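**Student:** This structure is in structure tokens; I'll ask about it shortly.
Every read-out reported here was derived from the displayed coordinates using simple, explicitly stated rules and does not represent laboratory data. Values in this document were obtained by computation on a predicted structure and should not be read as measured data. We place every Cβ from the backbone using ideal geometry, glycine too, and count neighbours over all the protein chains shown.
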Amino acid sequence: MRPIATMDEKHHTNEVFLDDVRIPLGNLVGEEGRGWTYGKVLLDRERMVAACNAIFLTQMARGIRRAAERKLGGIALIDRPIVAAKIAQFEIEVQALQAMVLRLMDEAARGADSGPRGSMVKLRWSQLLQSGMSLWLGAIGPEAAHFEGLDGAPGHFDMPYALQGALYSRVTTIYGGSSEIQHNIIARRALGL
Amino acid sequence: MDFVYSDEQQMLRDAAIRYGGQAWSVTDRIANLGRNEQWSRQRWAEIAEMGWLMLAVPEDRGGLGGNPADVMALAEGLGRNLVASPFVTNGALVPALLTHAGEAGDEVLVAIMAGTARAAAGLIEPDAGYNTASVATEARLADGAYRLNGAKAHVEDGGDADWFVVSARTGGGAADRDGISLFLVARDAPGLVVERFRSVDQHRHARLRLDGVPAIPVAPLDEALPIIEAAVDRAICAHLAEAVGSMEAASEATLEYLRTRHQFGVPIGSFQVLQHRAVDMAVFCEEARSITCWATLSLDHPRLERRRAVSAAKVRVGQAGLHVTRDAVQLHGGIGVCEELLVSHHLRRQMMLEFTHGTSDMHIGLFEAANRALLAQPA
Ligand SMILES: Cc1cc2nc3c(=O)[nH]c(=O)nc-3n(C[C@H](O)[C@H](O)[C@H](O)COP(=O)(O)OP(=O)(O)OC[C@H]3O[C@@H](n4cnc5c(N)ncnc54)[C@H](O)[C@@H]3O)c2cc1C
């Protein structure tokens, strides 16, 4: 295993080398040669994890509001129309996504196959995570540049999490089937193109 | 310049690109930047040796007397390979702040040009955002010397500075445009606390606390704000040029990846959807370069026209830089987020440039106010 350093400065990826690794027969998952089929089911499920995460976007919206209570020249950021409108737009989109997830779960509970709508949820969740992180970071202002205190200097209380989150959010449109691939899946399976 | 670089400017840009390519390879950068002080000092010495820190300093003060377009050419070249030395702060911002500084300023300018000292500017305060007119730090004259009391929330590139150019009040109330003066403060001055920070683009910044710190005035008393605003606009334009160099490099690296990376048995560049994304990146680069030229040419125009142009460019280049480098990472797929490729370093730099000398949200407001005032003027 070799660690892969990523731009968010968190360690969450490794390169894994397999060199004549012996595996007991009993460890074969299902049948030989059907790995990709199983993989696709797995990825479909993974996309539903995105649906679970979508529920947490409401918490994020609260965090953004909290950060935007910061006063600038005596006026809270959130009281500036340009900032308030952006946060409200974010919250509206989060609400729409949550309604989508609830509808999906309702149908799943009735035994219906969600089809490629899991892909739609993954697509929107990753986009909203990215735009939400940008809003949060934007609310911090000049101190967004204070990622890490040197010689023990105390940083802004939202750091480094806001920046690591903003950087990490970029991978969510890449992993688990990239956004481009999700579009392909929806085009093919939902729209029949 | 008009919209085309002169031969000299072209050469300057190419020299900076060549230098960045040689001295700032990805491997050297990852191994040393932020880890090896000696390495960073060596890079700074090279930048001084090239004479680049003399470019924007007037000839009668020992510099090369370059104009904003010359600085644009150089900063663009440095941006191509993400040279992370504090060139813009030392080579554009501080010299412009010290325009009226006299002898005290000359000493610092000479040291900067020689590469023996670095300086940075403390212009923004806690809870004031980027508003350089909002100054609560006080300067008091006692026994023929000034002493400063107050705080500066963020000093761009101040982490390794030997000198700080700091704004402070000698008159007026906390947000008045009049009554602001500029002072020179030594890094080791008594009463000065410097807290240092590293940013994700590996620039190093500072926060200052000033408690009776001795300081030397370096601008006409009470009248420094116009000098500060003009200097910051020069720094903004130099950063925009850096951003253009960086986004073009990221865009070109992405094109190369689209041509060479195969998936599903074909180069991914053959997928129409990715072609269109690459086209949008190229259009953004074109737009960013054009509006950067326009803003750079406006630097010598009357205040409102300059404000309108520089803020417009700050907003649009900021948007372009983020769009281009986010998509550069996206179209590289998993490898795009890895440290070992420069593409995510470009994204990190563009993210931080968005916070340098004002965010897009702030500059949209400044643009709107300036544009409104200009439109209200009789033709
Ligand atoms: C943080 C992280 C965690 C990961 N975890 C795992 C893991 O646990 N297990 C695992 O197996 N993998 C994992 N991956 C790998 C991940 O699945 C791949 O990175 C992802 O599928 C993209 O593939 P790629 O990196 O090869 O990009 P490429 O295939 O090179 O894609 C480059 C670009 O081309 C686009 N593209 C590719 N094909 C098409 C097409 N047909 N049409 C339109 N656009 C296309 C992509 O969307 C992307 O934008 C992880 C990746 C990351 C970043």
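**Student:** For the protein assembly as shown, with only Lys/Arg (+1) and Asp/Glu (-1) charged at the beta-carbon, what is the dipole magnitude about the Cα centre, in debye rounded to 20?
**Tutor:** That gives a dipole near 1920 debye.
**Student:** Let me ask something additional. Using only Cα atoms, find the angle between the long axis of helix B:37-49 and the longest principal axis of chain B, and express it within 0 to 90 degrees, rounded to the nearest 10.
**Tutor:** 80 degrees
**Student:** To continue, here is another question. Local charge sum around A:Ala61 (other residues, Cβ-Cβ under 12 Å, Lys/Arg +1, Asp/Glu -1)?
**Tutor:** Charge balance near A:Ala61 sits at +2.
**Student:** Looking only at A:Gly118, A:Gly26, A:Gly39, which one moves most when chain A is put into a Gaussian network model with springs between Cα atoms under 10 Å?
**Tutor:** Taking springs between Cα atoms under 10 Å, the residue moving most is A:Gly26.
**Student:** Stick to the Cα atoms of chain A, pair each with every other, and give me the Kirkwood hydrodynamic radius in Å at one decimal.
**Tutor:** Radius from the Kirkwood sum: 19.5 Å.
**Student:** Still on this structure, please answer the following. Report the relative contact order of the stretch B:7-117, percent, no decimals, based on alpha-carbon pairs under 8 angstrom and at least 6 residues apart.
**Tutor:** Dividing the mean separation by the residue count of the stretch B:7-117 yields 35 percent.
**Student:** May I pose another question? Taking the Cβ of B:Gly269 as the centre, find all other residues whose Cβ is under 10 Å away and add up their charges (Lys, Arg: +1; Asp, Glu: -1).
**Tutor:** On the way: positive: B:Arg259, B:Arg261; negative: B:Glu256.
Here the count lands on +1.
**Student:** Can you compute the radius of gyration and Dmax for the stretch B:7-117, using only the Cα atoms, both in Å?
**Tutor:** 14.0, 43
**Student:** Which of B:Tyr146, B:Ala128, B:Gly269 sits closest to the plus end of the dipole of the protein assembly as shown, meaning its Cα is farthest towards the positive end, when Lys and Arg get +1 and Asp and Glu get -1 on the C-beta?
**Tutor:** The residue sitting most towards the positive pole is B:Gly269.
**Student:** Still on this structure, I have one more. Over 31 Å between Cα atoms: which of B:Lys152/B:Lys314; A:Lys10/A:Lys40; A:Lys40/A:Lys86; A:Lys71/A:Lys122 fall into that group? Don't skip to the answer; put the middle values down first.
**Tutor:** On the way: B:Lys152/B:Lys314 23 Å; A:Lys10/A:Lys40 27 Å; A:Lys40/A:Lys86 36 Å; A:Lys71/A:Lys122 35 Å.
The answer is A:Lys40/A:Lys86; A:Lys71/A:Lys122.
**Student:** Let me ask another. Suppose a student asked you for the relative contact order of chain A, using Cα pairs under 8 Å spaced at least 6 residues apart; what percent would you report?
**Tutor:** 24 percent
**Student:** Please build a GNM for chain B, connecting alpha carbons under 10 Å apart, and tell me which residue among B:Pro68, B:Pro214, B:Pro126 fluctuates the most.
**Tutor:** B:Pro126
**Student:** May I pose another question? With θ set to phi - 60° and the Karplus curve 6.51 cos²θ - 1.76 cosθ + 1.60, what are the ³J(HN,Hα) couplings of the stretch B:253-264 in order, to the nearest whole Hz, using x for Gly and Pro?
**Tutor:** Here the 3J(HN,Hα) series is 4, 5, 4, 4, 5, 4, 6, 9, 7, 9, 9, 6 Hz.
**Student:** List the trypsin sites (Lys or Arg not before Pro) within the stretch A:53-141 that fall in a DSSP loop (any state other than H, G, I, E or B) and whose Cβ has at most 13 other Cβ atoms within 10 Å.
**Tutor:** Of the trypsin sites (Lys or Arg not before Pro), the ones in loops of the stretch A:53-141 whose Cβ has at most 13 other Cβ atoms within 10 Å are A:Arg110.
**Student:** Between A:Ser169, A:Ser114, A:Ser178, where does the largest GNM mean-square fluctuation fall for chain A, given springs only between Cα atoms within less than 10 Å?
**Tutor:** Evaluated over chain A, the most mobile residue of the options is A:Ser114.
**Student:** Please report how far the C-alpha centroid of the stretch B:151-167 lies from that of the stretch B:233-312, rounded to the nearest whole angstrom.
**Tutor:** Centre-to-centre (Cα) distance: 30 Å.
**Student:** Follow-up question, since we're still on this one. For B:Asp7 and B:Glu37 in the same chain, what is the full-extension length gain: residue separation times 0.36 nm, less their Cα-Cα distance, in nm?
**Tutor:** Extra length from B:Asp7 to B:Glu37 when fully extended: 7.2 nm.
**Student:** Counting Lys and Arg as +1 and Asp and Glu as -1, what is the net charge of the other residues whose Cβ lies under 10 Å from the Cβ of B:Gly66?
**Tutor:** Here the charged neighbours net out to -3.
**Student:** Something else now. Take the Cα pairs of the stretch B:169-226, get the Kirkwood Rh, then feed it into Stokes-Einstein at 10 °C and 1.306 mPa s and tell me D in µm²/s. Mind dumping the intermediate values first?
**Tutor:** Numbers: Rh = 13.2 Å.
Reported coefficient: 120 µm²/s.
**Student:** A:Leu28 to A:His183: extension gain in nm, 0.36 nm per residue of separation minus the Cα-Cα distance?
**Tutor:** Fully extending the segment from A:Leu28 to A:His183 adds 52.6 nm.
**Student:** Counting Lys and Arg as +1 and Asp and Glu as -1, each charge on the Cβ, what is the dipole of the stretch A:43-189 about the Cα centre in debye, to the nearest 20? Could you put the intermediate results ahead of the total?
**Tutor:** Working: 17 positive and 14 negative charges, 86 e Å.
It comes to approximately 420 debye.
**Student:** Assigning unit charges at the beta carbon (Lys, Arg +1; Asp, Glu -1) and nothing else, what dipole magnitude in debye, to the nearest 20, does the stretch B:7-117 show about its Cα centre? It would help to have the intermediate numbers written out before the result.
**Tutor:** Values: 8 positive and 14 negative charges, 120 e Å.
About 580 debye.
**Student:** So what is the 222 nm mean residue ellipticity for the protein assembly as shown from helices alone, if each DSSP H run of at least 4 adds -39500 (n - 2.57) and you divide by all residues, rounding to the nearest 500 deg cm²/dmol?
**Tutor:** Taking each H run of at least 4 residues, the total per residue is -17000 deg cm²/dmol.
**Student:** Sticking with this one: Between the helical axis of B:343-353 and the dominant principal axis of chain B, each derived from Cα atoms, what acute angle in degrees is found, rounded to the nearest 10?
**Tutor:** Helix B:343-353 sits at roughly 30 degrees to that axis.
**Student:** Label points 7 Å out from Cα along the Cβ direction at B:His276 and B:Leu141: separation in nm?
**Tutor:** For the pair B:His276/B:Leu141, the computed spacing is 6.6 nm.
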